[in-house]
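I have placed the structure first, in the form of structure tokens, so that the comments after it can refer back to it.
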Ligand code: UN1
């Protein structure tokens, strides 16, 4: 594999963070002919060119992960847990280094970048405990002298495709669990977040070396969309866990299904919140603003649709607008900034197009939407988060635009607004702000929110890792991180043991 020393404008803190994580900077750069540059959304400057893995590199990496699987599968799960424990310690030690890289590549504020790395540490903790709790079941057999049981076995190679917006946490949810479950992992990070991927992978390599685990159990692919397609199509990859757009899911799903592989899809969200007449409006205000404007609207869980009861709509909307006016937008590394840049120009164009469509469909922009800091950073895309009052849930409101646009609508009847809330194609996260317990319970019930995540008096974003994360409908149906999500990374084996000395057949069937 060709490599050349890196060139380009790595800032001192990024360089120091990479080195502290044990990254061999000489091996990061690629052949100048084929390397791809990583640009910072903060300034638009190119950070560094990295190597670009081609078809043969991808095949070889999958081959190494497949070859490492039997030895890892046969390693006792609690011993596998020790590797993840060490990785978690290294993530803790390098928390600020990793956060520096996430800020540089994604443009998150340091607080949010640190929070993202904390999710990695948390899932490592959870996975270590899980390594002693890969519980199967025993069921009573209908036949005398028979034992019926279900045992969970490792699955094989897991392909992880992660998105730019949570470049390391969502990967870690998958990887920490996959590793304790006895799987090996091939990771394709987003194009723009290669440096944080390289750093995280270097820390895992260190943990692997120190704990004596097989070297091939983790493979990092620095590749493009073509490379991703190759990973998805490869029959050696038992599970493809992919995070990204619905469009991406529509490409991945059928290819994996065609070869009868498994998928775990975490796709778009178009998350809604209802603010009921009894809501604590101070709390609702903070919950709404963080969920809608935080991370510059670039979370899968970002709040995009707000349904406010008409009795409190004016009051709450005014306060949300005032809060938006005072949000500091800019370079996230600057003190006090709460809203960083959009990831790239395409994202800005999508934001502009959605705002235009909303206005055509009868919406009124109450605040925000315009580009800021364009003179200072002509190649970076900052926008003031927008609040748009909509007469109803029009076509554009049914779409997820990965930018900070909050559509506000009013309602009068809870059943009707729940139906409206559920009327979009996506089903990730949802919330109700109310102090009426009956209303809260109705929202949480089977007849309430149809999403994978339903919250009361909390915004739609910022979930803890202990609960399963994912959603329904076009969100893809996958569940990651806590609860029973580990089962996606294993295969259940149903086992019947006959110690009766007879051969009674099930269902009372008689034969020879
Ligand atoms: C994502 O945007 O893909 O609940 C993940 C949250 C975070 C994870 C978001 N814990 O907002």
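The numbers here are math on the coordinates, done by the rules we state, and not lab data. Computed from a prediction, not measured in an experiment: that's the story for all the values here. All Cβ positions, glycine included, derive from the backbone under ideal geometry; neighbour counts span all protein chains shown.
Of note:
- Distant alpha-carbon pairs in the stretch 355-447 (separation over 16 angstrom), percent: 64
- Label point 7 Å beyond Cα of residue 444 along Cβ direction - residues of the stretch 255-282 with amide nitrogen under 19 Å: 272-280
- Bins of 10 Å from zero: percent of alpha-carbon pairs in the stretch 1-158: 9, 24, 29, 23, 8, 4, 2, 0
- A simple spin-label model places pseudo-atoms 7 Å from Cα toward Cβ; at residue 495 and residue 74 they are separated by 1.7 nm.
- Cβ-Cβ FRET estimate between residue 364 and residue 311, R0 fixed at 25 Å, reported to 0.05: 0.75
- Residues in the stretch 61-76 that a label on residue 215 would reach, taking backbone N under 16 Å of a point 7 Å out along Cα→Cβ: 61-69, 71-72
- In plain terms, the residue of 376, 335 with the fewest other Cβ atoms within 10 Å comes first and the most crowded comes last, giving 335, 376.
- Helical content of the chain, expressed as a calculated mean residue ellipticity at 222 nm, amounts to -12000 deg cm²/dmol (DSSP H runs of 4 or more residues, -39,500 (n - 2.57) each, divided by residue number, nearest 500).
- Relative contact order of the stretch 291-419: 33 percent, from C-alpha pairs under 8 Å at least 6 residues apart in sequence.
- Solvent-free Debye scattering, log10 I(q)/I(0), computed from the Cα coordinates of the stretch 100-166 at q = 0.15, 0.26 Å⁻¹: -0.73, -1.12
- Just so you know, the Rg over Rh for the stretch 128-214 is 1.16, from Cα atoms, with Rh as the Kirkwood radius.
- Antiparallel content of DSSP bridges confined to the chain, in %, to 5: 40
- More than 16 Å apart - percent of Cα-Cα pairs taken over the stretch 204-251: 54
- Residues 168, 321, 232, sorted so that the one with the fewest Cβ neighbours within 10 Å comes first: 321, 232, 168
- Relative contact order of the chain, defined on C-alpha pairs under 8 angstrom at six or more residues apart (%): 17
- Nearest-0.05 FRET efficiency for residue 505 and residue 357, computed from C-beta distance (R0 56 Å): 0.30
- Calculated FRET value between residue 286 and residue 151, using beta carbons and R₀ = 56 Å, to 0.05: 0.75
- Footprinting exposure proxy for 40, 196, 392, 141 (fewest neighbouring C-beta atoms within 10 Å first): 392, 141, 40, 196
- Taking 7 Å steps out from each Cα toward its Cβ at residue 257 and residue 326 produces label points 5.0 nm apart.
- Computed from the Kirkwood radius of its Cα pairs, the Stokes-Einstein diffusion coefficient for the stretch 248-396 at 10 °C and 1.306 mPa s stands at 93 µm²/s.
- Translational diffusion coefficient (Stokes-Einstein; Kirkwood radius from C-alpha pairs) of the chain at 37 °C, 0.692 mPa s, in µm²/s: 136
- Extension gain for residue 55 to residue 137 (0.36 nm times residue separation, less C-alpha to C-alpha distance): 25.3 nm.
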